[in-house]
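Structure first, commentary second.
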Amino acid sequence: MTYALYYYDSCPFCQRVLHALPGVKVEVEKRNVLKNPEFRQQQVEATGRTQVPCLLIENDGQQQWMFESGDIIGFLKSL
């Protein structure tokens, strides 16, 4: 399984998730949607939304997208 967090620095909800990352047991790739417009485009094409933070969960070619900082933190800490 791979995990990627779509975020940008000035978003307070993104900061909440970023501060929680050192306490999780899995590696999460950080994808800043303002510094790299391709990341935003990937998210929009897959979800139809630009809302961040957004966690992409990939497992054997299947993609799941999770929104809401509290849900993302709870999910990552449960792994």
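The values are calculated or read from the model by the stated rules, or taken from the named source; none is laboratory data. Just so it is clear, the model here is predicted, and its values are computed rather than measured. Neighbour counts run over all protein chains shown; Cβ positions are idealised from the backbone, glycine included.
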Next item on the list: Would you mind finding the one in G61, G74, G48, G70 that is out of contact with any Asp or Glu (no Cβ under 6 Å at 6 or more places or on another chain) and modelled with pLDDT under 95?
Entry: G61
Next item on the list: Could you look through segment 25-45, keep only residues that are of a type in the set (V, I, T) and crowded, with 16+ Cβ neighbours inside 10 Å, and pick out the one that is farthest from K77 (Cα to Cα)?
Entry: V33
Check: Got at least one residue in segment 7-16 being in contact (Cβ under 8 Å) with a residue 12 or more places away in the chain, touching a Phe, Trp or Tyr at 6+ places or on another chain (Cβ under 6 Å), surrounded by fewer than 17 Cβ atoms within 10 Å (Cβ to Cβ) and not polar (S, T, N, Q)?
Finding: no
Next item on the list: Look at E68 and say whether it is under 13 Å from the mean Cα position of the chain (by Cα) and at positive phi.
Entry: yes
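Return the residues of segment 21-42 that are among the charged types (D, E, K, R) and in a loop (DSSP other than H, G, I, E, B); say none if nothing qualifies.
K25, E27, K35 - these are the residues of segment 21-42 that are among the charged types (D, E, K, R) and in a loop (DSSP other than H, G, I, E, B).
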Next item on the list: Among the residues of segment 43-52, write down those that are without any contact (Cβ under 8 Å) to a residue 24 or more places away in the chain and in a helix (DSSP H, G or I).
Entry: V44, E45, A46, T47
Notebook entry, point to check: Is at least one residue of segment 1-9 of a type in the set (D, E), over 11 Å from L76 (Cβ atoms) and assigned to a loop (DSSP other than H, G, I, E, B)?
Noted result: yes
Note to self: I'd like the full set of residues that are loosely packed, with under 15 Cβ neighbours inside 10 Å, over 12 Å from the mean Cα position of the chain (by Cα) and not hydrophobic (A, V, I, L, M, F, W, C), limited to segment 46-62.
What the structure shows: G48, R49, N59, D60, G61, Q62
